Amino acid sequence: MLELIKSKHTISFMKYSKPATWLSMLLLVISLGSLSINWLNWGLDFTGGTLIEVGFEQPANLTEVRETLTAANFSDAVVQHFGTSHEVMVRLAPREGVKGQVIGNQILDALTAADFGNVDMRRIEFVGPNVGAELAENGGIAIIIALICIMLYVSMRFEWRLATGSVLALAHDIIITLGVFSLFQIEFDLTVLAALLAVVGYSLNDTIVVFDRIRENFRSMPNLTPEEIVDKSLTQTLSRTIITSGTTIFVLVSLFVVGGELIHGFATALLIGIFVGTYSSIYVASALAIRLGVEREHMIPEVIEKEGADQDPLM
């Protein structure tokens, strides 16, 4: 009932695999080049900075608070509610030669001078860069371990050629997503790191669905070539991909538009990851499996003869 593309009309996806490969290589070169030159625009979770909690007599309007701080030369301040609408947390990047207490007093003076009623300082904390470096290192290790575990899982469930294609596709998605953040210097914080891990899971799920259909078709359609099998499998799963990606994109666009400034990085990373992940499931994971020589014989489990199976049961 929900099949948007009829499976009897096979789309020749692999016909465009070579141009897609060149496109992927170009995007990877641009991404790696930007990462090597600009690296990432680390957020306060990684660079450290000053955290200030302020209490308001009346419910605080975050937009007006941001405008007030921007006018006071704190345009880089990250403002969000903390607990209730009367409490606001302000995060600022480190300022050379200025102590956190001095910055806190300047923030309090700027808010007190505005028409916010009674404003009082609740706490001031400084998050050092050592914590940020540790978070960055742990995040990178988490992604590497996830890729290794994914390769082991797919190797056991399918075949090493498919496993290699899936892991390289995941690395392709992560590098390009990071490249976009590096190229446009979008702030990279812990929410973006969480989005990257979600992209890995989303892209893997899409790839596993395609690989499962490829395995079934290899066994049930022995007269077709590997390219034809892949085209048939991708066409059969296309409706599912469109519905899943479409509904997810709808939610992410809503988050990006109405979710506020703090969620922009998270929504942006997931939007990029979904588009790139859907593309890589077709033109990276599946195309690489074909280039590595996947055949029908690789999808058929070996039959292990039991001891004495060749003997006459009547003897």
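The values are calculated or read from the model by the stated rules, or taken from the named source; none is laboratory data. This structure is a prediction, so every number in the text was calculated from the model and none was measured. Virtual Cβ from ideal backbone geometry, glycine too; neighbours counted across all protein chains shown. Remember, those area values only see protein heavy atoms, side chains included, never the ligands or the DNA or RNA. Shrake-Rupley method; radii C 1.70, N 1.55, O 1.52, S 1.80 Å.
First measure r as the distance between the Cβ atoms of I242 and S155, then evaluate 1/(1 + (r/R0)^6) with R0 = 45 Å and state the FRET efficiency to the nearest 0.05. That pair, I242 with S155, gives E of 0.95. Taking 0.36 nm per residue of separation and subtracting the Cα-Cα distance, full extension of the segment from T70 to D115 would add 14.7 nm. Ordering I141, L162, I290 by the projection of their Cα atoms onto the charge dipole of the chain, which places +1 on the Cβ of Lys and Arg and -1 on the Cβ of Asp and Glu, puts I290 at the extreme positive end. Database remark: amide H of W42 closer than 5 angstrom to the amide H of F188 (H placed geometrically; neighbours at sequence offset of 5 or more, or on other chains; Pro and chain starts carry no H).
Look at the dipole of region 1-142 built from charges on Cβ: of V88, S34, I124, the Cα furthest out on the positive end belongs to S34. Rolling a 1.4 Å probe over the protein heavy atoms of region 25-100, with every protein chain left in place, gives an accessible area that is 56 percent carbon and sulfur. Using just its DSSP H runs of length 4 or more, each adding -39500 (n - 2.57), the chain gives a mean residue ellipticity at 222 nm of -20000 deg cm²/dmol after division by all residues. Farthest toward the positive end of the dipole of the chain, out of I214, G48, F250, is the Cα of I214, where the dipole comes from beta carbon charges about the Cα centre. Rounded to the nearest 10 degrees, the inclination of helix 226-236 to the longest alpha-carbon principal axis of the chain is 60 degrees.
Here the peptides 259-267, 168-176 are ranked by packing, the mean other Cβ count within 10 Å, and the order with the highest first is 168-176, 259-267. Protection proxy ranking of 154-166, 21-33, by the mean of other Cβ atoms within 10 Å over each peptide's residues and highest first, is 154-166, 21-33.
Just to verify a number: FRET efficiency for E137 and N223, C-beta to C-beta distance, R0 = 45 Å, to 0.05?
Details: r = 52 Å, r/R0 = 1.15.
According to the calculation, E is roughly 0.30.
Restricting attention to the chain, lysine pairs at least eight places apart or on different chains and with alpha-carbon atoms under 29 angstrom apart total 7.
Residues whose amide H lies under 5 Å from that of I11, counting only those 5 or more places away or on a different chain, are T235; hydrogens are built 1.01 Å from N in the peptide plane.
The charge dipole of the chain, taken about its Cα centre with unit charges on the Cβ of Lys, Arg, Asp and Glu (plus for the first two, minus for the last two), comes to roughly 880 debye. Axis of helix 100-113 versus longest Cα principal axis of the chain: the two differ by about 70°, to the nearest ten degrees. Ligands, DNA and RNA are left out, and with a 1.4 angstrom probe the accessible area of the chain is 55 Å² per residue.
For the pair W39 and F275, what calculated FRET efficiency results from E = 1/(1 + (r/R0)^6), where r is the Cβ-Cβ distance and R0 = 22 Å, to the nearest 0.05? Display every interim value, and only then the final one.
Details: r = 23 Å, r/R0 = 1.06.
FRET efficiency, F275 to W39: 0.40.
Axis angle, to the nearest 10 degrees, between helix 62-71 and the longest C-alpha principal axis of the chain: 60 degrees. Spin-label pair F82-T10: with each label point 7 Å from Cα along the Cα-Cβ axis, the two points sit 6.1 nm from one another.
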